1. Against the definition (in contact (Cβ under 8 Å) with a residue 40 or more places away in the chain, among the polar types (S, T, N, Q) and in contact with a helix residue (DSSP H, G or I) (Cβ under 7 Å, 6 or more places away or on another chain)), how does B:S68 come out, yes or no?
2. Just the residues that are away from chain C (no Cβ under 13 Å) and among the acidic types (D, E), please, taken from region D:117-133.
3. Within region C:23-32, is even one residue polar (S, T, N, Q), within 11 Å of another protein chain (Cβ to nearest Cβ) and farther than 22 Å from B:V31 by Cβ?
4. With respect to B:Q121, is the statement that it is at pLDDT 95 or above, more than 14 Å from the chain's Cα centre (by Cα) and among the polar types (S, T, N, Q) true?
5. Scanning region C:112-121 for residues that are over 10 Å from C:A59 (Cβ atoms) and touching a Phe, Trp or Tyr at 6+ places or on another chain (Cβ under 8 Å), which turns out surrounded by the fewest Cβ atoms within 10 Å (Cβ to Cβ)?
6. Taking the residues in region D:95-107 that are hydrophobic (A, V, I, L, M, F, W, C), more than 12 Å from chain C (Cβ to nearest Cβ) and closer than 17 Å to D:D71 by Cβ as candidates, determine which candidate is nearest to the chain's Cα centre (by Cα).
7. Give me a count of the residues in region A:50-78 that are β-branched (V, I, T) and in a loop (DSSP other than H, G, I, E, B).
8. Out of region B:14-39, which residues are of a type in the set (A, V, I, L, M, F, W, C) and buried (at least 24 other Cβ atoms within 10 Å of the Cβ)?
Number of protein chains: 4
Amino acid sequence: MSNVTLEDARRVIAAAEKKADEIGQPMNIAVVDSGGNLVAHVRQDGAWIGSVNISISKAWTSKAFDISTKDLGDNSQPTQQFFGIHTTNGGKVAIFAGGIPLVRDGVVVGAVGVSGGSGEQDHSVAEAGLTAF
Amino acid sequence: MSNVTLEDARRVIAAAEKKADEIGQPMNIAVVDSGGNLVAHVRQDGAWIGSVNISISKAWTSKAFDISTKDLGDNSQPTQQFFGIHTTNGGKVAIFAGGIPLVRDGVVVGAVGVSGGSGEQDHSVAEAGLTAF
Amino acid sequence: MSNVTLEDARRVIAAAEKKADEIGQPMNIAVVDSGGNLVAHVRQDGAWIGSVNISISKAWTSKAFDISTKDLGDNSQPTQQFFGIHTTNGGKVAIFAGGIPLVRDGVVVGAVGVSGGSGEQDHSVAEAGLTAF
Amino acid sequence: MSNVTLEDARRVIAAAEKKADEIGQPMNIAVVDSGGNLVAHVRQDGAWIGSVNISISKAWTSKAFDISTKDLGDNSQPTQQFFGIHTTNGGKVAIFAGGIPLVRDGVVVGAVGVSGGSGEQDHSVAEAGLTAF
């Protein structure tokens with residue numbers, strides 16, 4: 001199983017940035033590897049500083065549970081099976097849209113996390129990144 | 001009162017692993033003693049890395065409050081009596097299914113915590129561990 | 001590059017436990033994989049509860065910097081080049097003996113961390129674990 | 001006062017990477033802006049995962065106190081005027097070489113932080129980054 005390289009991460013980030021530019025919303029974009037460790041991060045000019053941490057948390061979360069943060073979020077609302085998961089792991093678990101696993105040969109080898117706009121925007125920018133992987 | 005030994009923990013973990021193998025979902029399994037301190041942990045190959053922390057938190061929580069995390073969760077939803085408990089104790093309180101107290105002679109002497117699947121799966125694997133105690 | 005499996009971790013822990021028994025000092029023993037994530041942990045009966053965290057931190061540190069915690073510690077004393085590293089990474093960096101990288105085909109693919117006795121004892125128990133890898 | 005843009009950060013990181021390649025030591029490189037907030041980070045293939053956090057902390061520290069972490073470290077040894085500063089700010093203060101302020105028109109507008117080798121290597125790679133600013 002090959003891991004996410006810096007070159008991979010840059011390709012993912014470039015595609016995500018292109019999408020963010022298209023929708024006109026500056027974003028934070030982060031990529032982690034199979035161990036959940038950060039490979040690369042960028043904050044586009046004008047993107048929220050509070051989203052630095054969130055983009056990294058979304059990427060980590062998507063790899064840590066092999067799931068998009070959007071789907072995890074659906075299961076983490078009050079009365080749902082994972083409600084409360086957002087305060088585990090030292091508060092590093094993000095349960096709103098923007099994190100998507102990076103899959104190679106059927107195995108999750110990393111993830112991309114995006115934060116800076118609406119949940120829908122973040123998710124679509126992450127998807128654009130995934131397409132380039 | 002006898003405490004949970006490493007041998008006890010291994011017996012519990014082995015039974016839990018067997019159940020996890022049967023349902024085909026790799027799990028993190030943790031056992032704590034009467035002080036809430038970790039005795040043993042295993043992450044089965046392929047189990048979520050985000051569940052290392054959660055399995056330990058579930059075990060700790062079950063001993064800390066002498067209750068299953070499933071039952072605690074029912075009392076910790078918005079508007080319920082313990083809502084907010086998940087952010088106490090430095091965020092170590094897990095309020096979703098998978099943690100079960102280990103009882104000997106009517107006394108809670110430890111707990112097992114399982115994380116890696118759905119809430120139902122986690123709880124059933126923890127129950128399998130309990131049976132072996 | 002193959003990662004550390006649970007079977008690998010158990011073999012390492014078994015060898016470390018044997019050594020701990022020989023020297024008569026109960027130990028906490030932890031094994032992490034290439035991403036620094038915990039694969040397995042055991043606390044032998046009677047071992048210090050304060051060493052649960054330390055054994056895991058030593059294993060994480062050895063993988064995180066591809067070095068034994070003993071050698072890292074030599075470089076992290078006051079006036080040395082890495083003094084202050086122990087408070088980085090959320091305080092997860094251990095700078096005293098007991099953590100050793102696990103190497104396969106020349107690559108660090110994980111690490112073992114031991115805590116429960118003197119620095120010399122911890123290091124020798126970790127070395128016994130390494131031998132079984 | 002103009003702030004550090006993503007384009008600035010990329011130019012600094014590219015120069016730092018070039019230097020890291022020359023000395024043959026893979027590095028983590030981070031750039032922060034005038035608010036101490038991360039603009040961009042890269043982990044070169046093979047660089048220590050424990051240095052992700054440290055590179056960011058070094059960059060933050062250099063901007064936070066408008067000083068290189070090497071110079072701050074000299075003042076933060078036991079008996080020196082700032083000893084203990086490394087545990088302030090939630091442990092985010094790095095007191096060993098590798099962080100250097102980015103100056104424009106005599107004003108510190110950001111910083112670069114490098115981690116992945118010896119203190120001397122980290123500092124020289126950060127200096128290479130500074131040159132490109």
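The values are calculated or read from the model by the stated rules, or taken from the named source; none is laboratory data. In this text, all values refer to a predicted model and were calculated from it rather than measured experimentally. Don't worry about glycine lacking a Cβ; one is built from the backbone with ideal geometry, like all the others, and counts go over all protein chains shown.
1. On the way: in contact (Cβ under 8 Å) with a residue 40 or more places away in the chain: yes; among the polar types (S, T, N, Q): yes; in contact with a helix residue (DSSP H, G or I) (Cβ under 7 Å, 6 or more places away or on another chain): yes.
Criteria met by B:S68.
2. D:E127
3. No: zero hits.
4. On the way: at pLDDT 95 or above: yes; more than 14 Å from the chain's Cα centre (by Cα): no; among the polar types (S, T, N, Q): yes.
It is false that B:Q121 is at pLDDT 95 or above, more than 14 Å from the chain's Cα centre (by Cα) and among the polar types (S, T, N, Q).
5. As a first pass, look at region C:112-121 and keep what is over 10 Å from C:A59 (Cβ atoms): C:116-121.
With touching a Phe, Trp or Tyr at 6+ places or on another chain (Cβ under 8 Å) added as a condition, the list becomes C:116, C:119.
Details: C:G116: 24, C:G119: 14.
This residue is C:G119.
6. D:I100
7. To start, the set of residues in region A:50-78 that are β-branched (V, I, T) comprises A:52, A:54, A:56, A:61, A:67, A:69.
Okay, now just the ones that are also in a loop (DSSP other than H, G, I, E, B), so A:67.
The qualifying residues number 1.
8. B:A16, B:A20, B:M27, B:I29, B:A30, B:V31, B:V32, B:L38, B:V39
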